[in-house]
Amino acid sequence: MIPHTYRRDGVIITVLALIVGTVMAILLKHPGYTDAYYYFNAGQRLAQGKGLTDAALWTYIGAPTSLPAPSHLYWMPMASLVAAVGLFIGDATFDAAQLLFVPLYAGIVLIGFTLGALIGKTRRTAWIAGLLTMFSGFYMAYWTTTSTFAPYGFAGALSLLAMGLGRRSGGESGSWRWFALSGAMAAFAHLTRADGVLLLIVLIIVAVWPRFKQIGIDSSPASPSPNSERGLGGEVKRTLRCAAVGIIAYLLVMTPWFVRNLNTVGAILPPGGFQTAWMRSYDEIANYPPGSSLADFIAWGPENILNSRWEALKVNVGRFVGEQGQILLTPFMLLALWKRRRDPLLSGLWLYALGLHLAMTFVFAFPGYRGGLFHSASALIPFWAALGIVGLDDVLAWIAPRRRWRLPQARLFFGAALLVWAILFSINIFLRTVNSFNSAGGNFVQIASHLPADSVVMINDPSAFYYFTGLSGVVVPNAPPDVIPELAKRYGVTDIVLDNNVTLPMRPLYEGTISPPFLEPLYHDDFIRIYRVK
């Protein structure tokens, strides 16, 4: 995959990425946010011999009947499995859980380096692409935490690269191997995030449709010669074989998870995930009873639906520019992609990027702009890094003769300036984010001091609360307080903790304007209110 003349450089940048990733992991003391706490908790319970189970329920979608419950009935398991391996090897700490996330980060950097070499065709573009992937702005603080960024970024980017290499091989006898690798990596990506199935769809399109168009299937020649028909038939077989081996590789990797789900919930994938398309606010992720319905979504009205999609579009455009393009890279990477839109190597990239942004804006609008796009775009970061530096070279090639610049010196100067910007931008964001992540926990410990040691707590972030205190719990529902007795009976909830981020139906309880007979006030201050369930 890496051109032979670049392999020594590839080893060097991989070692450098391992060093940088290790430093980032050391500086990060806690998972940092709900998703990462959830994945760590499940990985820890697996390493402790408790299986893939949850003791903290963050959503009621696919709601189990009791706690502890089977885990990953909404999110996928790979991040927890990666964390569990580190916990098996080391001790039961977050540091151990990070162990395999560091080499995954290094693998993403190596993919960026490889793309810089394949697209830019120089050592300079390879190195800058690798370093731009290494210093990736908003993503830096997330690569080594126990979340989906590093596993999905690695598997997704490698799947896109492999299908591009298979497409570029033009139907040669060995091209099916690239599609087999792409299908396997698409499965690992799907095991990391539900939207990873989009990679399999893109793989099939890349393997079948472009080549059918190229060989004239859709033009239906009136009277092809026997020789041309034999050639056509051979090409069709090679094309279908590429798609088939990709699908088979995907299914081989996914089948154990399908079997687990069949045994657990009676379906190969837990139901309910698509219901998030009908959300009218992100709080509906915590609906009880769970789910959002098409009927309620339609009743919401065209104006609200259009306004929600417009809001998602505005946020996601900003996310694209700031998170994926690190602001300055954005125009260069888009220019480079447009100029190379017919390059077979990039065929999967633009299909995936387009499909992902459309889905996360117009279908899954609320989960999309609240973080879904940020997570799934991690697979695009190596491509954007390579296209960013190549696009800058394209611009300089146009400007240099008009400004009487020496092109090699201009490329060296502006490439270095772009890299310095990325490094400073990334370090600044990394330090601010890590400081925020590392300062978490004090509030949860203080809340726990007001509760019995065997409490089961309803709280806004039960995953973080379990991580810091070991107390099980469920999320505050997006429902009126009168559902509390049912949830208490179902999950053994003993205490309710409310803060200012409470869901709208629960706000009267937080503000103390109602006093349900099934709750006993236990503690309150300016920030939280705690009730005991009678």
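The values are calculated or read from the model by the stated rules, or taken from the named source; none is laboratory data. Quantities reported herein were computed from a predicted structural model and do not represent experimental measurements. A quick note on method: Cβ atoms are made from the backbone with ideal geometry, for glycine too, and the neighbour counts reach across all protein chains shown. Quick note on the areas: whole protein, heavy atoms, side chains included, nothing else; ligands and nucleic acids left out. Shrake-Rupley method; radii C 1.70, N 1.55, O 1.52, S 1.80 Å.
Is it true that some residue in region 424-436 is surrounded by 12 or more Cβ atoms within 10 Å (Cβ to Cβ) and at pLDDT below 95?
Yes, there is a match, as at least one residue in region 424-436 is surrounded by 12 or more Cβ atoms within 10 Å (Cβ to Cβ) and at pLDDT below 95.
Tally up the residues in region 441-460 that are part of a loop (DSSP other than H, G, I, E, B) and open to solvent by 30 Å² or more (accessible area, probe 1.4 Å), please.
Total satisfying the criteria: 6.
Consider only pairs whose beta carbons are under 9 Å apart and that are at least six residues apart or on different chains; among these, list those whose first residue lies in region 141-159 and is closer than 13 Å to L100 by Cβ and touching a residue at least 60 places away in the same chain (Cβ under 8 Å) and whose second residue is of a type in the set (D, E, K, R) and part of a loop (DSSP other than H, G, I, E, B).
P151/R193
Please determine whether any residue of region 348-361 is under 20 Å from L424 (Cα atoms) and modelled with pLDDT of 95 or more.
no
How many residues are more than 20 Å from V11 (Cβ to Cβ) and open to solvent by 10 Å² or more (accessible area, probe 1.4 Å) if we restrict to region 123-144?
Summing the residues that are more than 20 Å from V11 (Cβ to Cβ) and open to solvent by 10 Å² or more (accessible area, probe 1.4 Å) in region 123-144 gives 2.
Looking only at region 423-478, count every residue that is among the polar types (S, T, N, Q), over 21 Å from P31 (Cβ atoms) and without any contact (Cβ under 8 Å) to a residue 60 or more places away in the chain and tell me the total.
Residues flagged as among the polar types (S, T, N, Q), over 21 Å from P31 (Cβ atoms) and without any contact (Cβ under 8 Å) to a residue 60 or more places away in the chain within region 423-478 amount to 3.
Given the conditions (1) surrounded by fewer than 19 Cβ atoms within 10 Å (Cβ to Cβ); (2) farther than 27 Å from P68 by Cβ, which single one is not true for G470?
(2)
In a loop (DSSP other than H, G, I, E, B) and acidic (D, E) - does that describe any residue in region 507-520?
So far as region 507-520 goes, no, none of its residues is in a loop (DSSP other than H, G, I, E, B) and acidic (D, E).
Would a scan of region 287-306 turn up a residue that is within 20 Å of the chain's Cα centre (by Cα), touching a residue at least 40 places away in the same chain (Cβ under 8 Å) and open to solvent by 60 Å² or more (accessible area, probe 1.4 Å)?
No, every residue in region 287-306 fails to be within 20 Å of the chain's Cα centre (by Cα), touching a residue at least 40 places away in the same chain (Cβ under 8 Å) and open to solvent by 60 Å² or more (accessible area, probe 1.4 Å).
Kindly provide the set of residues from region 31-57 that are assigned to a helix (DSSP H, G or I) and of a type in the set (V, I, T), ordered by number.
T34
For residues that are aliphatic (A, V, I, L, M) and outside any loop (DSSP other than H, G, I, E, B), scanning just region 251-271, find the one that is most open to solvent (accessible area, probe 1.4 Å).
L252
Yes/no matrix, rows are residues, columns are (1) closer than 16 Å to I459 by Cβ; (2) within 32 Å of the chain's Cα centre (by Cα):
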{"residue": "D495", "(1), (2)": "yes, no"}
{"residue": "N500", "(1), (2)": "yes, yes"}
{"residue": "M506", "(1), (2)": "yes, yes"}
{"residue": "Y510", "(1), (2)": "yes, no"}
{"residue": "I514", "(1), (2)": "no, no"}
{"residue": "H524", "(1), (2)": "yes, no"}
{"residue": "R529", "(1), (2)": "yes, no"}
{"residue": "R532", "(1), (2)": "yes, no"}
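If I ask for residues that are open to solvent by 70 Å² or more (accessible area, probe 1.4 Å) and over 25 Å from F149 (Cβ atoms), which ones from region 307-330 would you list?
Answer for region 307-330, where residues must be open to solvent by 70 Å² or more (accessible area, probe 1.4 Å) and over 25 Å from F149 (Cβ atoms): N307, W310.
Could you tell me whether region 374-393 includes any residue that is surrounded by fewer than 17 Cβ atoms within 10 Å (Cβ to Cβ) and not hydroxyl-bearing (S, T, Y)?
No, region 374-393 contains no residue that is surrounded by fewer than 17 Cβ atoms within 10 Å (Cβ to Cβ) and not hydroxyl-bearing (S, T, Y).
Of all residues in region 20-57, which are basic (K, R) and surrounded by 18 or more Cβ atoms within 10 Å (Cβ to Cβ)?
Listed by number, the list holds a single entry, R45.
Filtering region 179-196 down to residues that are open to solvent by 30 Å² or more (accessible area, probe 1.4 Å) and modelled with pLDDT of 95 or more, which residue is nearest to I119 (Cα to Cα)?
Here the residue is L181.
Quick one: L346 ticks every box in (1) farther than 23 Å from T276 by Cα; (2) touching a strand residue (DSSP E or B) at 6+ places or on another chain (Cβ under 8 Å) except a single one, so which number is it?
Exception for L346: condition (2).
Within region 83-101, can you find the residues that are surrounded by 22 or more Cβ atoms within 10 Å (Cβ to Cβ) and over 16 Å from A379 (Cβ atoms)?
A83, A84, G86, L87, F94, A97, Q98
Pairs needed: first member in region 182-207, charged (D, E, K, R); second member anywhere, not in a helix (DSSP H, G or I); C-beta distance under 9 Å; at least 6 residues apart or different chains.
Matching pairs, first to second residue: R193/W75; R193/M76; R193/T148; D195/F364.
Which residues, taken from region 394-409, are part of a helix (DSSP H, G or I) and open to solvent by 10 Å² or more (accessible area, probe 1.4 Å)?
D394, V395, A397, W398, I399, P401, R402, R403, L407, P408, Q409
Check every one of the helices (runs of 4 or more DSSP H) wholly within region 318-376 and list those with 2 or more residues that are closer than 25 Å to D283 by Cβ and touching a residue at least 24 places away in the same chain (Cβ under 8 Å).
Qualifying helices (runs of 4 or more DSSP H): 347-358, 373-376.
Kindly establish whether I26 is touching a Gly at 6+ places or on another chain (Cβ under 7 Å) and either over 11 Å from T146 (Cα atoms) or among the hydrophobic types (A, V, I, L, M, F, W, C) (or both).
No; evaluated as a whole, the condition is false for this residue.
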